[in-house]
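Below: the structure, in C-alpha cells.
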Amino acid sequence: MFLQQFITGISIGGIYALLATGYSLIYSLLDFSNWAHGEFAMLGAYFAIVFANMVGLPFMLAALLGVCGGALISFLCEKLVYRHIRSTGAPNMFLMIGAMGLSTIFQQVANLIFTGQYRSFKFKLPVSTIEIAGAYLGVLDLISLVLTAVILVFLIYLINKTKFGLNVRAIACNANAARVLGVRVDRSIASVFLLAGSLAGVAGILYGMKYNVFPTMGNIGLKAFVASVVGGLGSVPGAIVGSLLLGVLETFVSGYISSSLRDFFSFALLIVLLLVKPSGLFGVDVQDKA
Amino acid sequence: MSEMNTPAYEQKIAILEEKLNALENKVNSLESKDPVLEMQHVEKHFGGVHAIDNFSVKIEHGQIHGLIGPNGAGKTTIFNNITGIYAPDAGKIIFMGEDITGSPPHKVAQMGIGRTFQNIRLFSNLSVLDNVIIASGMDATYNLPQAIFHSDKFKKREKLLNDKAMNLLEIVGLQDKANERASSLPYGHQRKLEIARAMALDPKLLLLDEPAAGMNADESLELVDFVRQIRDHFKITILMIEHHMDVVSNLCDYCTVLNFGKTLAVGTPAEVKSNPEVIRAYLGGNE
Amino acid sequence: MIEAFNNINAAVCEFLHINPYIQGVIILVCINVIAILGMAVLTGFTRLFSFGNAGFMAIGAYTAAILIVRHDFNFLIAMVLGAILAGFVAFLLGSLTLKLKGDYFLITCLGFGECVRVLLNYFKKFSGGSAGFPGIPNYSSMLFSILCAVLAFFIAWRFIHSKYGRNITSIRENEVAAEAVGINAFRYKRMSFTFSAVYAGWAGALFAGYMMYVVPTNFALNKSIELITTTVIGGLGSLTGSVLGAILVTLLPEFFRSLSNYRMLIYGVAVVLIIMFRPNGLYGYKEFSLKRLIGRFSKPKAEAGKEAAS
C-alpha cells in the first residue's frame, strides 16, 4: 500500500515537474509567473485528442502533434503578447495580469469548441496494473514516471551543458549584459517558451491519459506553480524537488487522511514553508538595490 | 511693491523672524553636543566581497562631508548601511547620540536622515506637490476616522502639509511645477525635487548620492550653490557622494576617499588631492 | 428591521416602477462595486495582488449567514461582524505573508482563498458543505445595497485622499523611496490588504442576503480572477474608473443576453488588450470628473481666443 501510494505520488509529481520547470525557466528569465502555463498543457492535450480520436492518427503521432501544439501556443503568447508588454517597460505585474487574461481566453475557447465534456483517449494500454513486491502499480504510472525522468534529465543536460543552456543562464543573470556580449536575448527567450510549451504539452497528454481531458484541466498548472514556489522561483532543480514533494504529499493525504482535504494540505504546506524559508527551498533572495 | 510697506506685512515678517531666532537657538544648543553622525568600524560584506572594510567617520554639525572614490568603492553601500537598507555586519552607527545600527529605513528617516538616490527615485506618476507632501507624513497626525469625516484637525493638518510643501518647492524653485507629474520634469528638476522631498522630513542630516551625476560643468556649478544654500538655509549637515572633483573641492569641508571598501584618506579636499595614495588610486584606477 | 427596510424599498420601487429583475441587477452591481473598490485600493493603489479576495468574501458571507440564521443576530450587526472578521483574518494573514516578495506573497493569497473554500466544503456541520447554507433572510434590498455602495465609495474616496492613500500610492510608485521618507511600507501594505478584505467581506455579506443561499463554489478561485479582471478593466489607480468597470462588467451580460456564453472570453480579451495597449486602464491614474470633461471641450475655444488676441 505504502509503495503503491509512493509510486503514484512520484508519477503525479513528475507531471507537475514537467510544468513546474517551465514556470521556473520563464521566471528565471523574465521575473514573472506565467499564469497561462497550465493552459498550454490543456491545449496540448486537446490537440492530441483531436488528432487521435477525431482525425484517427496513430496515438504516438497524435501525441507528438499535441506536444508541438502546446509549444506553438506558448511561443505565440511570447511573440505576440509578452514581448509587447515587455517593450512598454511596464512593471512585471502587468505581464502576470496579461498571462491571467490569456489563461481565461484559452479556457473559454476550449470550453466553446469542445464543451465542458470529459474526453479520454481511445488508446488503451494492454495491461493496466502489474504486481511488484505485493504492490499493484499502474503501467501508465510507471511509463509516465520513466518518460518524465528521461525528459527532466535531458532538460538538466540542456541547461547545464549546451550553448543554449549557457545563453539562458546568462540572460537569467543579467539580460542586458548578455545582450552586450552577443547573446540573442529575444531569440533565446522564444526558444525557452517553445521548450516550456512542449514540456507542458507532454504533461497535459500524460495527465489526460491518467484522468481525462477537460477545459479546466489547466488548473494543474496551479499545482505546478505551487511546486515551483516551494522549490524556489527560478530554480529548475528546486521545481523538480518541489513537484515530487507535492505529488507525494497529495497522494498520501488523499490515501490516509481525506481526499477532500488534499488541496488544503498542499496550500497549508506552501504557506508554512514560505514562512520558514521566504524564497522556497532553493530560491535566491534578491534585494532591491538602492 | 505697495504690499511690502503695509503694517500687516511687517508684522508677518516680525513673527517669522522671531520663529527663526527660536529655531536658531535650538539648533545652536544641539550643535554644541555630539557629532551628528558617527560611524565606528563599520563592515559589510556580500559573500566574499568586502564592500566596506572597517569604515569610520565623524561628521560635525553644519559640515558638508564628501565621500569620493572610484566605482565599486562602497560609497552607496555606506549610505545603505546608514539608512538601514542593509544592516552592517560589524560596527556601530550613531546618529545624534543614538545608536541606529540596523534600524529599518523608515525609522532612520523618521529620526531625521533624508536621502536622495543615485538613479533618481521619485514617485513618478504622482504630482510634484504630492511627492513632497508624502515625505512630510510625520506632520500628518490625524487618524483614520478624522480623515474620513474631514474633522477640523484633518483640514488644519492637510493645509499645513500643503503650505509646507509649497514652501519647500518655492525654495528649490519648483513652485510653478507643483501640479505637474514628477516624471514629466527635466532631469535637473527631478534632482531638485528629490532634495526638496528629502527636506520635507525636516532632516538633521541629508545624504546626497551623486547629486551632480549627468550634469555638465555649468549645471554642476549651479548645483554647488544650490546645495550650499540648502545647508545654510536649513542649518543641516550633509554627507554626499560625488565623482566630480571640482564639485567636491568647491563644496565640501572634509572628505573621505574610498577604494575597494577601504579608507584611503581623510581630510580637507586640498589635503586629500595631494595625498599620493589617492593620486595612485585615481590615476591607476578607472577615473 | 429587515422588514422595515424591505417595505421602504418596495414603496420606492413601486413609485419609480422598478421591476424585480432590474432591482436584482442593481443589487449585483452594488455588490460588485464594493468588492472592486477593495481590489482597487489593493491592486490599483498599492500594486499588491490578491488571488484570495473571494476567500474574504466567503468569510463575510458565511459569518453573516450563520450569525443571522443560527444565532438570531440583527442583520446589520451580522454584516458588520462579517466584514470585520474578514479584515481581521487578512490582518493576521498579512502580518505573516506581506514580508514575502512579489509572487511569493501572491501564491499565499491564492492558497488562502483555496483553503477557505476547501474547509467550507469539508466542515459540513458548520457550513453545510458543498450543499450550501440555506435559509438566509433577504436583507439585501435594492435600496439597502445602494446605500452600502455609496457609503463604501465615500469611505474609500476619503481614505485614498488622505495621508493613508498617499502613503500606499507611494509604495506603489517606489517602495525603497517610500521607506526613505519615513513610510513604514509593511504597515501600510497590511492596512491596504485589510481594507480590501473588509470590503470583500462586506460584499460577501450583501451577496448572502441577496442570494439567500450560499455555496463554497460561489467563492472559488474564478471569483478572485473575475475581481482582478474587473479591476484591470476599470483602471489601476482610479476609484471612479473601478466603479465604472464594475458597473460595465456586471451590466454587459445582462444587456446582451446572447453574449453571456462569451462573457469571460470577452473579459479575457479585454484584459490582454488593455494590458498591452492601455496598461493603466481606461481611466489610468485619473479620476472621472465632469469639470475636466467640460474643460476639455472648452479648451480649444480658449486657445483660439488667445491666438486671436495675440
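Spatially close Lys pairs in chain A, defined by Cα atoms under 25 Å apart and a spacing of eight or more places or different chains, total 6.
Between 0 and 90 degrees, the angle of helix C:263-277 with respect to the longest Cα principal axis of chain C falls at about 30 degrees. Set the Förster radius R0 to 25 Å, insert the Cβ-Cβ distance between A:Ser191 and A:Leu112 as r into 1/(1 + (r/R0)^6), and round the FRET efficiency to 0.05. In this case the efficiency is close to 0.20. Taking the Cα of B:Asn275, stepping 7 Å toward and past its beta carbon, and measuring to each backbone N in segment B:235-260: which are under 11 Å? Answer for segment B:235-260: B:255-259. Computed from the Cβ-Cβ distance with R0 of 25 Å, the FRET efficiency linking C:Trp157 to A:Thr88 stands at 0.25.
Out of B:Leu193, B:Leu185, B:Leu144, any idea which swings most in a Gaussian network model of chain B, alpha carbons joined below 10 Å? Maximum among the listed residues: B:Leu144. Taking 16 Å as the cut-off, the amide N atoms of segment A:199-236 that come nearer than this to a point 7 Å along the Cα-to-beta-carbon line of A:Asn160 belong to A:235-236. Beyond 24 Å, the tail of the calculated P(r) for segment A:1-147 holds 45 percent of the Cα pairs.
Helix content alone sets the calculated 222 nm mean residue ellipticity of chain B: runs of n ≥ 4 DSSP H residues at -39500 (n - 2.57) each, divided across all residues, give -13500 deg cm²/dmol. Of the three principal axes defined by the Cα atoms of segment A:88-151, the extents in descending order read 58, 29, 18 Å. Of B:Lys235/B:Lys262; B:Lys58/B:Lys107; B:Lys262/C:Lys99; B:Lys92/B:Lys262; B:Lys92/B:Lys192, which pairs sit farther than 24 Å apart, going by alpha carbon to alpha carbon? In this structure, B:Lys235/B:Lys262; B:Lys262/C:Lys99; B:Lys92/B:Lys192 lie more than 24 Å apart at Cα. Backbone phi angles across segment B:198-212, fed through the Karplus curve with coefficients 6.51, -1.76 and 1.60 (θ = phi - 60°), yield HN-Hα couplings of 5, 5, 5, 6, 6, x, 9, 10, 10, 9, 10, 9, 6, x, 9 Hz in residue order; Gly and Pro are listed as x. Model label sites at B:Ser183 and C:Arg278, defined 7 Å from Cα along the beta-carbon direction, differ in position by 1.7 nm.
Taking Cα atoms only, the orientation of helix A:2-30 departs from the longest principal axis of chain A by about 20 degrees. Only aspartates and glutamates eight or more places from B:Lys273 in sequence, or on another chain, were considered; those with a Cα closer than 20 Å are B:Glu210, B:Glu242, B:Asp246, B:Asp253, B:Glu287. Would you calculate, for chain C, the mean residue ellipticity at 222 nm contributed by helices, counting each DSSP H stretch of 4 or more residues as -39,500 (n - 2.57) and dividing by all residues, to the nearest 500? Taking each H run of at least 4 residues, the total per residue is -25000 deg cm²/dmol. For B:Lys12, the aspartates and glutamates whose Cα comes closer than 19 Å to its Cα, not counting residues fewer than 8 places off in the same chain, are B:Glu3, B:Glu24, B:Asp163, B:Glu170. Taking 0.36 nm per residue of separation and subtracting the current Cα-Cα distance, fully stretching the chain between C:Ile8 and C:Tyr213 would add 71.5 nm.
At the listed q of 0.14 Å⁻¹, the Debye profile of segment C:187-244, built from one uniform point per Cα, gives log10 I(q)/I(0) equal to -0.49. Short-range pairs are left out: with C-alpha atoms under 8 Å and at least six residues apart, the relative contact order of segment C:2-219 is 42 percent. Close amide H contacts of B:Arg115 (hydrogens built in the peptide plane, cut-off under 5 Å, sequence separation of 5 or more or a different chain): B:Leu207. Go ahead and run the numbers for FRET between A:Val139 and C:Leu251, Cβ-Cβ distance against an R0 of 51 Å, rounding to 0.05. The calculated FRET efficiency here is 0.45. Placing a label point 7 Å from the Cα of C:Asn19 along the Cα-to-Cβ direction, the residues of segment C:251-265 whose backbone N falls under 20 Å of that point are C:251-260.
Helix B:217-234 and the longest principal axis of the C-alpha atoms of chain B enclose an angle of approximately 60°. Across C:Asn184, C:Asn222, C:Asn261, mean-square fluctuation computed from a Gaussian network of chain C (C-alpha pairs under 10 Å connected) peaks at C:Asn261. In plain terms, the chain from C:Ser260 to C:Phe123 could stretch by 46.0 nm, reckoned as 0.36 nm per residue minus the Cα-Cα distance.
The string of couplings for segment A:236-246 from the Karplus curve (6.51, -1.76, 1.60, θ = phi - 60°) is 5, x, x, 4, 5, 4, x, 5, 5, 4, 5 Hz, one whole number per residue in order, with x for Gly and Pro. Values of log10 I(q)/I(0) for segment B:103-164 across q = 0.19, 0.21, 0.25 Å⁻¹ run -0.87, -0.98, -1.12, by the Debye formula with one identical scatterer at each alpha carbon and no solvent. The distance between label points at B:Asn54 and B:Lys12 comes to 5.8 nm (points 7 Å beyond Cα on the Cα→Cβ vector). Each pair of Cα atoms in the protein assembly as shown enters the Kirkwood radius, and Stokes-Einstein at 25 °C and 0.890 mPa s then converts it into a translational diffusion coefficient of 80 µm²/s. Normalising the average separation of contacting C-alpha pairs (under 8 angstrom, six or more residues apart) by the number of residues puts the relative contact order of segment A:12-215 at 42 percent.
For chain C, the alpha carbon positions stretch 79, 53, 36 Å along the principal axes, listed from largest to smallest.
The slack between B:Ala90 and B:Asp34, meaning 0.36 nm per residue of separation minus the straight C-alpha distance, is 18.0 nm.
Every number in this text was worked out from the coordinates using simple rules, so none of it is lab data. On a predicted model such as this, the values are computed, not experimentally measured, just so you know. Cβ atoms come from the backbone with ideal geometry, glycine included; neighbour counts cover every protein chain shown.
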